[in-house]
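In what follows, a single structure is set out as structure tokens and then discussed.
The values are calculated or read from the model by the stated rules, or taken from the named source; none is laboratory data. Bear in mind that the values here come from a model prediction, so they are computed numbers and not experimental data. A quick note on method: Cβ atoms are made from the backbone with ideal geometry, for glycine too, and the neighbour counts reach across all protein chains shown. These accessible areas exclude ligands, DNA and RNA; they are computed on the full protein's heavy atoms, side chains included. Shrake-Rupley method; radii C 1.70, N 1.55, O 1.52, S 1.80 Å.
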Amino acid sequence: MTQARIRVYAMLCSLLSVVWLTSGLAGANEAHSVKPEPELAPASPKPLGAASEAKPPGKAHPPENGSPPPKARALAKLSATRTGQDGAPMVLVPAGEFTMGSDEGDDDEQPVHRVYLDSFYLDTFEVKNGRFAKFVAAIQSEPPWGFADQETPVVHADRPVRWVNWMEALGYCLWAGKRLPTEAEWEKAARGTDGRIYPWGNDPPTAAHAVFGLTEGAETVSPIGNRDQGSSPYGVHDLAGNLYEWVTDWYDDAFYTQNSPSNPRGPVEGTTQVQRGGSYINQPYRLRSAFRTKGDPTEHDPHGGFRCAQEAPPLP
């Protein structure tokens, strides 16, 4: 094992121990699910003459064994939205198959294959400065670049946090009672089930869809949620452009040749972590939902951000 990997594992263990010790801070507030409106069954049309022949309803009689009559059981379903413990809105990505990869992209995007995923929830927006500042304060962590003077989390509270390495992103999600999404979950949330190129469809991006094509050094990211035309089929924002997003998987350029067709997970070890979605300095090619890149999990990069995922509760 190289010294770099030893350093990564040591830092991860240290971070996780802090998160576990302080998890009660985040666990004090349970996630609030938005309950769907009850669906009313349509009334069955009466045949002609039914009004004159129908008998008035009589008194219900209990079964002979004395037990009350069984009640009709409503079909259970998952809520389309929920709110995480950190106050962030989340949307449901329903269970099912989707097409992963691209024949028109790089070698590490091939072969194109079908993948089945269980239902999960994903943050509607990238984690913003204001929320990440609460995590930093709660665990008394070293703040990311730009937080030391307290200006960024206050003046730019609604901009996505950046300069966050993979380990800090992982720590935040665990602190909030969530986790980083897998690579497959991220791609399904971005492109849906119809194999689209970008979250919004197959048309090339414009400034109304995403923040991209800026020059290096512009250091400009957009506040969350102001590119509605660029949202995904599930209503997830900023999955293309603005910032690269960390996912939980280790990077493997040959992963698609051997991964599982059901709820795939990345390699058990590696030296770099997968990033998705492109950033504000990239051109449209890197904004494609199938595009894969990677980064050092210990490195702080101005182009990197993240969002969290959460398991969907089992239906009764």
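Details
- Within region 129-152, not a single residue is assigned to a loop (DSSP other than H, G, I, E, B) and at pLDDT 95 or above.
- Residues that are farther than 19 Å from M100 by Cα and outside any helix (DSSP H, G or I) within region 167-187 comprise A176, G177, K178, R179, listed in sequence order.
- Only one entry of V164, V154 meets the criterion of being over 22 Å from R82 (Cβ atoms), surrounded by fewer than 19 Cβ atoms within 10 Å (Cβ to Cβ) and β-branched (V, I, T), and that entry is V154.
- Figure legend. Inter-residue proximity from region 78-102: first residues closer than 24 Å to D158 by Cβ and hydroxyl-bearing (S, T, Y), second residues open to solvent by less than 20 Å² (accessible area, probe 1.4 Å) and part of a strand (DSSP E or B), beta-carbon distance below 8 Å, spacing 6+ or different chains. Indicated pairs: T81/M90; T81/V91; T83/M90.
- Total residues in region 242-265, condition open to solvent by 20 Å² or more (accessible area, probe 1.4 Å) and part of a loop (DSSP other than H, G, I, E, B): 10
- Residue in region 188-197 that is basic (K, R), at pLDDT 95 or above, open to solvent by less than 10 Å² (accessible area, probe 1.4 Å) and not in a loop (DSSP other than H, G, I, E, B) present: yes
- Residue in region 95-105 that is hydrophobic (A, V, I, L, M, F, W, C) and over 19 Å from the mean Cα position of the chain (by Cα) present: no
- Filter result for the condition that a residue is closer than 27 Å to P94 by Cβ, of a type in the set (A, V, I, L, M, F, W, C) and either over 21 Å from the mean Cα position of the chain (by Cα) or surrounded by 15 or more Cβ atoms within 10 Å (Cβ to Cβ) (or both), over L239, L214: L239
- Residue count for region 237-255, restricted to those that are among the hydrophobic types (A, V, I, L, M, F, W, C) and under 17 Å from Q283 (Cβ atoms): 3.
- Among the criteria (1) touching a residue at least 12 places away in the same chain (Cβ under 8 Å); (2) assigned to a loop (DSSP other than H, G, I, E, B); (3) surrounded by fewer than 22 Cβ atoms within 10 Å (Cβ to Cβ); (4) over 16 Å from the mean Cα position of the chain (by Cα), the one A207 does not fulfil is (1).
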